[in-house]
Each structure stands twice: as structure tokens, then as C-alpha cells.
Amino acid sequence: MILRRFFPMSRPVILVTGASRGLGRGIALTLAAEGYDLAIHYAANSAAAEETVTACKAVALSPEQCFLPVSAQLGSNTERTAMMARVLGELGHLDALVNNAGMAPRERADITEASESSFDELISVNLKGPYFLSQSAAQFWLKNPGASRLSGGYKLIFVTSISASTASVNRGDYCISKAGLAMASQLWATRLAAEGVQVLELRPGIMATDMTCGVKGKYDTLIEEGLVPQRRWGNPQDVGLAVKAICRGDFPFSTGDVIYLDGGFHLRRL
């Protein structure tokens, strides 16, 4: 594979998974406004990915910025490999990977009734996919030490959920997938800390996206009653701002840390 030649002053390249909608689109828009080139991953909805591309171009710092839509079912080794090859082949480099893509169960079911097929699907998309995509990114970074254009080196970011440590018995498969992803962050941080790669976990709380629109009424009431100390929903920009801070090097002496984006939900209170 012939990579585009890159130079110290060229724009950093960031791959954001699940960037066609929701939190991923919010991350992409924030990074576009910072001047980065982006690979905008989507699973199947190419129209939504193109909407993200158009929105990124509208806020970009420069008309020269590249916004490349790339499709892959993250649970598939073949599709992940092809996507990474395309990112490197067309954008020439990779400075950061934001593992954001994820899905909720297609049907919420008590763990006494939930199906194995749902479990397999969520583990494949939410855990297996980002774990092995991170492996591909790490292999590239280890072959290109010290070549990151981001302050403080390469960045590997995992977007998990408060469900990594908060039990929901009607979404057991989702909780387990996110708990596993939190451990993946710890593993990659340990392995890559000495290699110039910073690994951080972002743990969003109750976020206003299409994934939660079906339970909006329920959570509106709970939030108003104090379930979230800041008494508001989170939004995609909250996550985008955190990713931006990491990518520009605002946490130079941190790796393996969990950054909560939950309005204080995780606080233990009496």
C-alpha cells in the first residue's frame, strides 16, 4: 500500500467511528472546526454520512480539509481491514482513532428472557469491533513512531457509557459490552503508554440522541427529579468538546483515565 506522503505541518487525520449521526456527528463537527482531516465512518446509512460531511465542510477552518466517508461493519475483520486501508491510502496517515460507534439492543428485554443473538450482535459491534480496530491503529502507530501531528503523540479514545458501571437488567448485553470496552481502554493504555500513544476513555451519561428518543419522557422526569445533578441532558457537543481537548493535548500527563461526561450522575450521594 502506497501512503500519501505527509509533512510535519500537514493536518492531523482522525478516524471517528459512528460519525453519521448522534454523538459521532457531534465529535466530527467539533473536530472539523478545529481544522482536522476526518475519516467519517458509518455502517450502512451513506446518506447520513454525507450529511455529516456537508455539515463538517460548513464549519471547517479551511476549504482544503478532507472529510472522507468510509463504510464498514465493525464486527467484520474483512470490512475493518478494508476501511483502515482506505483511510491510510486516501488520507495518508492516522493521528487519532475515536471509537465511538455503538448500538443499543434492538429490543429491551429482561436478562431472564434476552436472546443470545442480541448478545452476540452487541458484543460484535460495541466491543469486538473497536477492540480490533484499535489493534489495527496501534500496528500502524508502532510502525511509525513519533510521527503524530497531534501534541503529545497519537490518541486512542474509547467512548463508552455510564452503563459500563451502572446495571440495567433490561439491557444486560449493552452493559456488558460497554464494561468490556472500558477494560479495553485500560489494556491499550497499559500496552501503548511507552510508545507515544495516549489512551483515554470518555464515559457519557444520559445523552440526547436518536438512541434515547424512545425513552425521552421517562428521563425528562428523572432528570428533573435530580438523577443528573446538573439537571440536564447531555448532548453530542459535550462529547465533541472532550475529544477536542484530548486531541489538542490538554491532558499531557494522563493515560488510561476515565473522563465522565454525565453531569455528575456517577457521584455517590446520600
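We did not get these values from a lab; they are worked out from the coordinates using the rules stated. All of these numbers come straight from a predicted model, not from anything done at the bench. Note that each Cβ is placed from the backbone with ideal geometry, even for glycine, and that neighbours are counted across all protein chains shown.
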*Report the charge-dipole magnitude of the chain in Debye, nearest 20, computed about the Cα centre from +1 at each Lys and Arg Cβ and -1 at each Asp and Glu Cβ.*
540
*How large is ³J(HN,Hα), in whole Hz, for each residue of the range 12-22 in order, when computed from phi with the Karplus curve 6.51 cos²θ - 1.76 cosθ + 1.60 and θ = phi - 60°, using x for Gly and Pro?*
x, 10, 10, 9, 10, 7, x, 8, 7, 7, x
*asked:* Calculate the FRET efficiency for ALA193 and GLN73 from the Cβ-Cβ distance with a Förster distance of 30 Å, rounded to the nearest 0.05.
replied: 0.45
*Evaluate the distance, in nm, between pseudo-label points positioned 7 Å from the Cα of GLN186 and of ASN170 along their respective Cα→Cβ axes.*
3.0
*In whole Hz, what ³J(HN,Hα) sequence does the range 167-182 give by Karplus (6.51, -1.76, 1.60; θ = phi - 60°), x for Gly and Pro?*
7, 10, 6, 9, 9, x, 4, 5, 4, 5, 5, 6, 5, x, 5, 4
*Distance from the Cα centre of the range 237-253 to that of the range 206-220, in angstrom?*
25
*asked:* Full-extension gain between GLN139 and GLU224, please, as 0.36 nm times their residue separation minus the C-alpha to C-alpha distance.
replied: 26.0 nm
*Among GLU121, GLU51, which comes first, then next, by fewest other beta-carbon atoms within 10 Å?*
GLU51, GLU121
_Proximal charge balance of GLY214 [Cβ under 14 Å; K/R count +1, D/E count -1]_ = +2
*Determine, for the range 133-270, the count of lysine pairs separated by eight or more sequence positions (or lying on different chains) whose alpha-carbon distance falls under 28 Å.*
8
*asked:* Nearest 500 deg cm²/dmol is fine: what mean residue ellipticity at 222 nm does the chain get from its DSSP H runs of n ≥ 4 alone, each adding -39,500 (n - 2.57), divided by its residue count?
replied: -12500 deg cm²/dmol
_Residue by residue through the range 215-222, what is 3J(HN,Hα) from phi via Karplus (6.51 cos²θ - 1.76 cosθ + 1.60, θ = phi - 60°)? Round to whole Hz and write x for glycine and proline._
10, 4, x, 4, 7, 4, 5, 5
*Mean Cα-pair separation over length for the range 103-244, i.e. relative contact order, pairs under 8 Å, 6 or more apart, %*: 25
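At 0.36 nm per residue, minus the direct Cα-Cα distance, what do ALA147 and LEU241 gain on full extension? Give it in nm, one decimal, please. Working shown, then result.
Numbers: separation 94, 0.36 × 94 = 33.84 nm, distance 2.44 nm.
Extra length from ALA147 to LEU241 when fully extended: 31.4 nm.
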*Compute the distance in nm between two label points, each set 7 Å from the Cα along the Cα-to-Cβ direction, one at GLU64 and one at GLU90.*
2.0
_Protection-proxy order for peptides 90-98, 70-78, each taking the mean of Cβ atoms within 10 Å per residue, highest first_ = 90-98, 70-78
*Working from the alpha-carbon coordinates of the range 4-95, get Rg over Rh, Rh being the Kirkwood radius.*
0.95
*Counting only C-alpha contacts under 8 Å and six or more residues apart, can you give the relative contact order of the range 1-111 as a whole percent?*
34
*Sites matching GluC sites (Glu not before Pro) across the range 161-252 that sit in DSSP coil, with at most 10 neighbouring C-beta atoms within 10 Å*: GLU225
